[in-house]
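Here's the structure we're looking at; comments come further down.
FYI, it's all coordinate maths here, none of it is from the lab. Being a predicted model, the structure only gives us computed values, none of them experimental. FYI the Cβ positions are ideal-geometry reconstructions off the backbone, even for glycines, and counts take in every protein chain you see.
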Amino acid sequence: MRLNKSHDLPGTLIVVEGIDGSGKSTQLALLREWLCHTIKDVIFTEWNSSKLISQTTKKAKKKNQLSPRTFSILHAIDFADRLEQVIVPSLKAGFTVLADRYTYTAFARDVARGVDHNWVRNMYGFAIKPDLALYFKVPVDISLDRICLNRAPKFYEAGMDLNLSQDPYESYKLFQGRVINEYDKMIDEYDLIKINATDSIHNQQMLFRDIVTKTLNAKGIEIKE
Amino acid sequence: MNDTNKNTKHGYPGLLIVVEGTDGSGRTMQIEKLREWLSFKGYGVMVSEWKTSKLMSNVIDQAKEKNLLNASTFSLLYAADFTDRLEKVIIPALRAGIIVITDRYTYTAYSRDVVRGVSPEWVRRVYDFAPVPDLVFYLKMPVEALLKRIIATSGFDYYESGRDIGLSTDFYESFKLYQRRIINEYAKMSNEFGFITINGNHSINTVQDKIRQNIEPLLEKIID
């Protein structure tokens, strides 16, 4: 499977992973701003955003009508479309591609939903292996506090489809606990770099920039501050 | 009602009968005649066609219009359609002891997607949760006969002619090359999945009789 082999394209693929409220999107936004000023050729892509399918998925989610397996395949369609339309062409053209969530999100969430571990890994087998994958690890209570600043947990992110609890807050904790468990298991499987997401935003960002600098330097890209 | 049935290949009380074949092989007409016959005999029967789920069929049509699909996206779009129909329609019907006839099944994906460049193992694993059908009929048609039927009826379709894989810019040539490859994939699957291959060039009634002869002995295995 392509996902398990290093790619030989000129560009660099950097991905961030973690549950909702881990701060990974904030960290990636800060990194992106910095890279846009230093190396310039930067492309950003995020989970469930392809024109082809994301609206269909969002509508179906609102109606709570997706089974774990259709949920999984719909996200794979989104990923496949963005991979071939955005990620691969950008890597061929030498861009640094920043991805907010990648295949590991599917591996964590879908397996936490009861989808077969090997089945979902096979489905995403055509994915490109990232040059760098960071996992922002946050305890489930902090994640819940952060996302509930402005809203209640949503049906699928709380895993309400699994009937773990009638209370969305309780269900969120149980479900995201399972997701964290899956992420933890992937640290070794996929060489994810674990970042302590309870540290200050600034500290995390400085660490993130250090790691990215090393990866880009290894690819022959110099960062001009 | 009994929940399991050790006489069917999938273990559900009903029967799952698949009709495969390229466009123009007479699949849809044979299925309609089969449905009428089974209903007339007093069996609960239901037809489920490829690419008809509420969730996906419009999305697939729109996506195909733009002609911007790569092989894995193309494949997964159909897998989502199949899964949605399977979970919401096919399996509930099989559980209720109904005879489900499907117009195309996973084998359509195995042939089309492999011709488009995905690996045979990959696409088989994507669909590995699909119940094993009790019977798979493959209506086999030579390309020359298919060409005549298509020209005389619907005309060439972009994807059915395989224009998306760039075999030839000439529709006639492209159709021939593409359908040959599809037929080749079906031929390879024939042993792998135990197809009952029927010559689609025979008269409508001859084909129908062969289908019915194969189904008849299975009817007593239904539990409803």
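Structural remarks
- Here the ratio of the Cα radius of gyration of the protein assembly as shown to 2.2 N^0.38 Å is 1.11.
- Taking amide H as placed 1.01 Å from N in the peptide plane, B:Leu135 has its amide H under 5 Å from the amide H of B:Leu16, B:Val18, each at least 5 places away in sequence or on another chain.
- Remark on B:Thr197: its backbone amide H falls under 5 Å from those of B:Tyr138, a criterion applied only to residues 5 or more positions apart or on other chains, H modelled at 1.01 Å from N.
- A Förster distance of 41 Å, applied to the separation of the beta-carbon atoms of B:Thr4 and B:Ser119, puts the FRET efficiency at 0.75.
- Helical contribution to [θ] at 222 nm, DSSP H n ≥ 4, -39,500 (n - 2.57), averaged over chain A, rounded to 500: -15000 deg cm²/dmol
- Close amide H contacts of A:Lys194 (hydrogens built in the peptide plane, cut-off under 5 Å, sequence separation of 5 or more or a different chain): A:Tyr135.
- Taking the inverse of the mean reciprocal distance over all distinct Cα pairs, the Kirkwood hydrodynamic radius of segment B:15-221 comes to 17.7 Å.
- Relative contact order computed over segment B:15-221 (Cα-Cα under 8 Å; 6+ residues apart), in percent: 29
- Placing one equal scatterer on every Cα of segment A:86-225 and applying the Debye formula, the log10 ratio I(q)/I(0) at q = 0.13 Å⁻¹ is -0.70.
- Mean ellipticity per residue at 222 nm, deg cm²/dmol - from DSSP H runs of n ≥ 4 across chain B, formula -39500 (n - 2.57): -14500 deg cm²/dmol
- Under 18 Å of direct C-alpha separation, and excluding same-chain neighbours fewer than eight residues apart, A:Lys63 reaches these aspartates and glutamates: A:Glu157, A:Asp161, B:Asp81, B:Asp84, B:Glu87.
- Within straight-line cross-link reach of B:Lys148, aspartates and glutamates at Cα separation under 20 Å, skipping those fewer than 8 residues along the same chain: B:Glu20, B:Asp23, B:Asp157, B:Glu160, B:Asp170, B:Glu173
- Taking all Cα pairs closer than 8 Å and separated by 6 or more residues, the relative contact order of chain A comes to 31 percent.
- Relative to the Cα centre, the charge distribution of chain B, modelled as +1 at Lys and Arg Cβ and -1 at Asp and Glu Cβ, gives a dipole magnitude of about 160 debye.
- Order of A:His75, A:His202 under a 10 Å beta carbon neighbour criterion, fewest first: A:His202, A:His75
- Per-residue 3J(HN,Hα) values for segment B:55-66, derived from phi via the Karplus relation 6.51 cos²θ - 1.76 cosθ + 1.60 with θ = phi - 60°, read 4, 10, 4, 5, 4, 5, 4, 5, 5, 5, 4, 7 Hz in sequence order (x marks Gly and Pro).
- Förster radius 41 Å - calculated FRET efficiency between B:Thr28 and A:Ala218, Cβ distance, rounded to 0.05: 0.10
- Measuring against 31 Å, Cα to Cα, the residue pairs A:Lys61/B:Lys221; A:Lys59/A:Lys137; A:Lys62/A:Lys219; A:Lys129/B:Lys64; A:Lys194/A:Lys224; A:Lys154/A:Lys194 contain A:Lys61/B:Lys221; A:Lys62/A:Lys219 as the ones spanning a longer distance.
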